[in-house]
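**Q** Sharing a structure below in structure tokens format, with a few things to ask.
The values are calculated or read from the model by the stated rules, or taken from the named source; none is laboratory data. Remember, predicted model here, so these are calculated numbers, not experimental data. Every residue, glycine among them, receives a Cβ derived from its backbone with ideal geometry; neighbour counts consider all protein chains shown. Heads up: the accessible areas ignore ligands, DNA and RNA and are worked out on the full protein's heavy atoms, side chains in. Shrake-Rupley method; radii C 1.70, N 1.55, O 1.52, S 1.80 Å.
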Amino acid sequence: MILFLAGTSDARALAVQLQSKGYELLATVVTESAATSLQEAGIAHRIGRLSAEEMQELAISIGCKCIVDASHPFAEEASKQAMVAAKEVGIPYIRYERQQQKHVHPLITEVDSYEAAANLALQKGGTIMLTTGSKTLATFTSVLLQQEGIRVIARMLPNLENMEKCQALGVMQRDIVAIQGPFSQELNEALYKQYGVTLMITKASGKVGSVDEKIEAALDCGIETIVIQRPNIRYGQQFVAFEEIEQAIQQLF
């Protein structure tokens, strides 16, 4: 049995591939939409965030032989909890990490944190589109909202929790783009033009996260872009290809 941290489209694809090869797994996800996606693929799953202790208990109860962490590149806390759980239970931890992409352009600035991105955006001003999700929205609104010459457009998934968060943080309805991707370059360009965006903020989530389309659209529109780099985590066993994950698991089983 494999305890599998999921929640993204490529994680789902990896889970399907492993199960098709005869490996039994239990996937963990945080959102209902991710759970629905796994259910449609016939992948056993559970919903909810897990502490390291809860992950240990779950791993032991299902007779887990390893933990495969295919969570989002920015799901830093989930990965850290999984590494601790694997160490405590005495089972291998295997990380699937999307390949990194490097974008070099005069309009692109890379930063190491959400806080750095918010402070840089404050200096630049203008109409800022956030495509960084709802989890860190408060980091930006606390710095940027109510500032003269700044309008914040929050683009995020269209669920009730996100809308309530926007309301609580003071993001106006007219400044919310509630939509689910993936987005084509053309759609990104249309949204930038519709809102008169002068600065776009995104994360280095990788090609599967549609970062290419966001950035290329921004560059074609002459829009400055801030890219937040991934957390600096030492995963140990880390692979970027499904086949490499399979080979690592084969050696265990």
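**Q** Do you know which residues across region 163-181 are open to solvent by less than 90 Å² (accessible area, probe 1.4 Å) and at pLDDT below 95?
**A** 179, 181
**Q** Here are the criteria: (1) open to solvent by 40 Å² or more (accessible area, probe 1.4 Å); (2) farther than 22 Å from residue 76 by Cα; (3) out of contact with any strand residue (DSSP E or B) (no Cβ under 7 Å at 6 or more places or on another chain). Tell me which single one residue 135 does not satisfy.
**A** Failed condition: (2).
**Q** Here's something else I'd like to know. Return the residue satisfying two criteria in turn: it lies in region 193-213 and is in contact with a Phe, Trp or Tyr (Cβ under 8 Å, 6 or more places away or on another chain) and modelled with pLDDT of 90 or more, and of such residues it is surrounded by the fewest Cβ atoms within 10 Å (Cβ to Cβ).
**A** Filtering region 193-213 for residues in contact with a Phe, Trp or Tyr (Cβ under 8 Å, 6 or more places away or on another chain) gives 200-201, 203, 205, 210, 213.
Subset that is modelled with pLDDT of 90 or more: 200-201, 203.
Numbers: 200: 29, 201: 25, 203: 22.
Among those residues, the one meeting the criterion is 203.
**Q** Please specify each residue of region 138-157 satisfying the condition of being closer than 14 Å to residue 200 by Cα and either under 20 Å from the mean Cα position of the chain (by Cα) or free of Cβ contacts under 8 Å to residues at least 24 places away in the same chain (or both). Working first, answer last.
**A** Our first condition is that a residue be closer than 14 Å to residue 200 by Cα; within region 138-157, this holds for 140, 144, 150-156.
Matches in region 138-157: 140, 153, 154, 155, 156.
**Q** Right, another one. Of 185, 237, which residue is at pLDDT below 95, open to solvent by 20 Å² or more (accessible area, probe 1.4 Å) and in contact with a Pro (Cβ under 8 Å, 6 or more places away or on another chain)?
**A** After ruling out the rest, the residue left standing is 237.
**Q** Assess whether residue 13 counts as being open to solvent by 30 Å² or more (accessible area, probe 1.4 Å), within 27 Å of residue 161 (Cβ to Cβ) and assigned to a helix (DSSP H, G or I). Before you say what the answer is, go through the steps one by one.
**A** Numbers: open to solvent by 30 Å² or more (accessible area, probe 1.4 Å): yes; within 27 Å of residue 161 (Cβ to Cβ): yes; assigned to a helix (DSSP H, G or I): yes.
So residue 13 fits the description; yes.
**Q** Looking only at residues in region 130-162 that are over 21 Å from residue 224 (Cα atoms) and polar (S, T, N, Q), which one is modelled with the lowest pLDDT?
**A** Ranking the qualifying residues of region 130-162, first place goes to 146.
**Q** Could you please find all residues in region 115-132 being without any contact (Cβ under 8 Å) to a residue 24 or more places away in the chain and in a loop (DSSP other than H, G, I, E, B)?
**A** Within region 115-132, no residue meets the criteria.
**Q** Within region 82-114, which residues are hydroxyl-bearing (Ser, Thr, Tyr) and either closer than 18 Å to residue 215 by Cβ or assigned to a helix (DSSP H, G or I) (or both)?
**A** 109, 114
**Q** With the structure loaded, tell me whether residue 121 is of a type in the set (A, V, I, L, M, F, W, C), open to solvent by 30 Å² or more (accessible area, probe 1.4 Å), on the phi < 0 side of the Ramachandran plot and at pLDDT 95 or above or whether it fails that test.
**A** No, not satisfied.
**Q** Going by what's in this entry, would residue 109 be described as modelled with pLDDT of 95 or more, more than 20 Å from the chain's Cα centre (by Cα) and polar (S, T, N, Q)?
**A** no
**Q** Please specify each residue of region 24-67 satisfying the condition of being surrounded by fewer than 20 Cβ atoms within 10 Å (Cβ to Cβ), assigned to a loop (DSSP other than H, G, I, E, B) and out of contact with any Ser or Thr (no Cβ under 8 Å at 6 or more places or on another chain).
**A** Scanning region 24-67 gives 24, 30, 31, 41, 42, 44, 49, 51, 62, 63, 65.
**Q** Under 7 Å between Cβ atoms, which residue pairs at least 6 apart in sequence (or on different chains) link something in region 40-61 that is in contact (Cβ under 8 Å) with a residue 40 or more places away in the chain with a partner that is in a helix (DSSP H, G or I) and surrounded by 14 or more Cβ atoms within 10 Å (Cβ to Cβ)?
**A** Every condition considered, the pairs that remain are 55/81; 55/82; 55/85; 59/85; 59/89.
**Q** What number goes with the only condition from (1) touching a strand residue (DSSP E or B) at 6+ places or on another chain (Cβ under 9 Å); (2) acidic (Asp, Glu); (3) open to solvent by less than 30 Å² (accessible area, probe 1.4 Å) that residue 246 does not pass?
**A** Evaluating residue 246 over (1) touching a strand residue (DSSP E or B) at 6+ places or on another chain (Cβ under 9 Å); (2) acidic (Asp, Glu); (3) open to solvent by less than 30 Å² (accessible area, probe 1.4 Å) leaves (1) as the failure.
**Q** Out of the residues in region 214-234 that are open to solvent by 70 Å² or more (accessible area, probe 1.4 Å) and within 23 Å of residue 127 (Cα to Cα), which is modelled with the highest pLDDT?
**A** Only one residue tops the list, namely 220.
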